[in-house]
1. If you check every pair at least six apart or on different chains, which have Cβ atoms under 8 Å apart with a residue in the stretch 55-78 that is at negative phi first and a residue that is of a type in the set (Asp, Glu) and crowded, with 18+ Cβ neighbours inside 10 Å second?
2. Quick test for you: out of Val120, Val96, pick the one residue that is within 18 Å of Phe55 (Cα to Cα), modelled with pLDDT of 95 or more and more than 11 Å from the chain's Cα centre (by Cα).
3. Give the residues of the stretch 99-117 that are under 22 Å from the mean Cα position of the chain (by Cα), in a loop (DSSP other than H, G, I, E, B) and closer than 14 Å to Phe55 by Cα, sorted by residue number.
4. Hey, among the residues in the stretch 103-117 that are of a type in the set (Gly, Ala, Ser) and more than 16 Å from Asp45 (Cα to Cα), which one's surrounded by the most Cβ atoms within 10 Å (Cβ to Cβ)?
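The values are calculated or read from the model by the stated rules, or taken from the named source; none is laboratory data. Because the structure is predicted, anything quoted here is derived from the model rather than measured. Cβ placement follows ideal geometry from the backbone for every residue including glycine, while neighbour counts extend to all protein chains displayed.
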Amino acid sequence: MNRRTAFALVVVVLLSLAGCFFPEPIDPEPDPDPAPFSIYLDILDFELEATDNPFMPWVVTGHAKNKFFLTLGYASVRAQFFDAQDVLLHTGIDNVLELPSGTVWEFNAYFFGSESADRVDHVEVVVGTCFP
C-alpha cells in the first residue's frame, strides 16, 4: 500500500468516526428556560415598588435562598416587567458572588429607562444563571 492510499484510508476512517463523536450539531441558541438553574436558588418573596429616580422608575426587591449544598460562585435573578397585555417591557437583573449554602440574599432588580415605564402593570421574578 502506498502513502496516498494509506492517507486516503485514514481520512475516510476519521470522517466516518466524526459522526460517532458529533452526532448532532450544537444549538447556538441558549435555552431560555430558567428551570435548570432553579435547583440552586429559591425565590422566597418579591415586591414591585416605584422609585423617585426617573432613570430607574421601578425596582423589584426580594429574597432568594441558596438551596444548593455548595457555595454558589455566581447567582442571579431576573425581574421581567410586563404591561397589562402581558407584553414584556424590560428585564432587570441582580446578581451576587460567593453565596454560601443556605444563605438568604436580598436582591434589587431595576427597570432602566423611562419610555415604557408608565405601562408597567406587573412583574415576574425567575431564577437567572447560577453556578457553584
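1. Ser76/Asp94; Val77/Asp94
2. Exactly one of Val120, Val96 is within 18 Å of Phe55 (Cα to Cα), modelled with pLDDT of 95 or more and more than 11 Å from the chain's Cα centre (by Cα), namely Val120.
3. Here is the first cut: in the stretch 99-117, the ones under 22 Å from the mean Cα position of the chain (by Cα) are 99-113.
Cutting the leftovers down to in a loop (DSSP other than H, G, I, E, B) gives us 100-103, 112-113.
Passing the criteria: Phe112, Gly113.
4. Per the criteria, the residue is Ala117.
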